[in-house]
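**Q** Shown below is the structure under consideration.
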Amino acid sequence: MPAIGLGTFGSDHVTPADVAEAVKGAAAAGYRHFDCASVYGNEKELGTALQDIFSGGLRREELWITSKLWNDKHGEQDVMPSCQQSLADLQLDYLDMYLVHWPFPNFHPPGCDVTFRGGGAEAYIHEHFMQTWRQMEELVDRGLVRHIGTSNMTIPKLKLVLRDARIRPAVNEMELHPHFQQPELFAFVRAVGIEPIGYSPIGSPGRPERDRTPEDTSPIEDPVIRRIAGRMGAHPAAVCIKWAVQRGQTPIPFSTNPHHYASNLRAVVEDPLTDDDMQAIAQIDRNCRLIKGQVFLWKDGQSWEDLWDVNGEIAPP
């Protein structure tokens, strides 16, 4: 898996066509890893872009393509068709990685408010998740995907999956940036051989308004990050990307700006941070989760912390 990928979540303000153009431009710039998902609503456009990339001379095996199973497709009868639909839309014969996007089978319509609670929403129920996971394993058996993984999981949930899985998760995709370093979860996944993929690696400045709260902070505005960036003559975002890769996680920043995504790629291979830089950044963790996931709560009166097992135990139904 390449050490950096291009995310393809266009949020509320980037069209599928713009994301597809960014994928083509990023491939030309040197990206070989693209992080997709059915819920992003742009896989058909990305499929056309990938065919253009292949027509330009890149071979399929040179790219790493990830997609994800959305929450309303956790049913045993839905996993296989959902993956096949992503393959059809992306115009691929196989995926390098397929993830369970969230561990909660809770559907919400695009653009809904964070207070939305869908009918049939439920807590994490391990037996139900494992029914989904068995179908994920079947995708590997059939050669439709090379690897399977999890996303937005916690240590208590991962321990259960590792105990019961026939094919272990290869990765866990999770929010990781200098203001949300998740040291305990990061150390756990590394210790058990799961690769951490970090979304929102520069703090998700383009996330939807509904996901913003007054206590949010921005790592690219942090004085330590800006001081290092000034010394290096780099953008603060590049410092966040350097930190991520040197720490041992795979960042998947999103940008449709050719200068920005090229700069993010160069950050991985040029001018590494010093040990002092890495130690300084380790000290600015604010435990500031930006993607809180409120729409995945399953009953009224809950706090978003219930999704994340902050006390080390899975929240009861």
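The values are calculated or read from the model by the stated rules, or taken from the named source; none is laboratory data. Bear in mind that the values here come from a model prediction, so they are computed numbers and not experimental data. Here Cβ is always computed from backbone atoms with ideal geometry, including for glycine, and neighbour counts include all displayed protein chains. We work out accessible area using only protein heavy atoms, side chains counted, and drop any ligands, DNA or RNA first. Shrake-Rupley method; radii C 1.70, N 1.55, O 1.52, S 1.80 Å.
**Q** Would you mind telling me the share, in percent, of accessible area of the range 190-317 contributed by carbon and sulfur at probe 1.4 angstrom?
**A** Carbon-and-sulfur percentage of accessible area, whole number: 49.
**Q** Once amide H atoms are built 1.01 Å from N in the peptide plane, which residues 5 or more positions from GLU195, or in another chain, come under 5 Å H to H?
**A** For GLU195, whose amide H was placed from the backbone, the distant partners under 5 Å are VAL171, ASN172.
**Q** Expressed as a whole percentage, what fraction of the accessible surface of the range 1-148 belongs to carbon and sulfur atoms when a 1.4 Å probe is rolled over the protein heavy atoms?
**A** 48
**Q** Same structure again: Kindly rank 115-127, 281-293 from highest to lowest mean number of other beta carbons found within 10 Å of each residue.
**A** With the highest mean Cβ count within 10 Å placed first, the list reads 281-293, 115-127.
**Q** Additional query: According to the Kirkwood expression over distinct Cα-Cα pairs, how big is the hydrodynamic radius of the range 135-294, in Å?
**A** 16.8
**Q** Compute the Cα gyration tensor for the range 11-156, then decide on rounded, prolate or oblate, letting a ≥ b ≥ c be the square roots of its eigenvalues: rounded whenever a/c is under 1.5, prolate when a/b is larger than b/c in the other cases, and oblate in all that remain.
**A** oblate
**Q** Now for a separate question. Restricting to DSSP H runs of at least four residues, report the calculated mean residue ellipticity at 222 nm for the chain, -39500 (n - 2.57) per run over all residues, nearest 500 deg cm²/dmol.
**A** -11500 deg cm²/dmol
**Q** Mind ranking 247-253, 227-233 by how tightly packed they are, going by the mean number of other C-beta atoms within 10 angstrom, highest first?
**A** 247-253, 227-233
**Q** Given (i) 22.1; (ii) 21.4; (iii) 20.0 as candidate values of Kirkwood radius over Cα pairs in Å, which corresponds to the one derived from the coordinates?
**A** Calculated Kirkwood radius over Cα pairs in Å: the matching label is (iii).
**Q** In addition: Over the chain, what is the relative contact order in percent, taking alpha-carbon pairs closer than 8 angstrom and at least six residues apart?
**A** Value for the chain: 20 percent.
**Q** Same structure, new question: Report, in debye and to the nearest 20, how large the dipole of the range 241-284 comes out about its Cα centre when Lys and Arg carry +1 and Asp and Glu carry -1 on their Cβ.
**A** In debye, rounded to 20, the range 241-284 gives about 220.
**Q** Which value, in Å², gives the accessible area per residue of the chain when a 1.4 Å probe is used on the protein heavy atoms?
**A** 43
**Q** Next up: I'd like the distance separating the alpha-carbon centroids of the range 53-83 and the range 171-237, in whole Å.
**A** Between the Cα centre of the range 53-83 and that of the range 171-237, the gap is 26 Å.
**Q** Let me ask you something else. Have a look at GLN246, GLN279, GLN91 and tell me which one the Gaussian network model of the chain (Cα, springs below 10 Å) gives the largest fluctuation.
**A** GLN279
**Q** Also, quick follow-up: Quick check for me: using +1 on Lys/Arg Cβ and -1 on Asp/Glu Cβ, what's the dipole size of the chain about its Cα centre, in debye to the nearest 20?
**A** In debye, rounded to 20, the chain gives about 420.
**Q** Could you give the Stokes-Einstein D for the range 1-71 in µm² per second, using the C-alpha Kirkwood radius, 10 °C, 1.306 mPa s?
**A** Answer, rounded: 130 µm²/s.
**Q** Moving to a separate point now. Out of VAL245, VAL114, VAL79, any idea which swings most in a Gaussian network model of the chain, alpha carbons joined below 10 Å?
**A** Evaluated over the chain, the most mobile residue of the options is VAL114.
**Q** Determine ³J(HN,Hα), in whole Hz, for all residues of the range 226-233 in sequence, where each value follows from phi through the Karplus function 6.51 cos²θ - 1.76 cosθ + 1.60 and θ = phi - 60°; x replaces Gly and Pro.
**A** Going residue by residue, I get 5, 5, 5, 4, x, 5, 8, x Hz, with x marking Gly and Pro.
**Q** Now for a separate question. Taking amide H atoms as placed 1.01 Å from N in the peptide plane, list the residues 5 or more away in sequence, or in a different chain, whose amide H sits under 5 Å from that of ILE148.
**A** Placed amide hydrogens put TYR98, ALA170 under 5 Å from ILE148.
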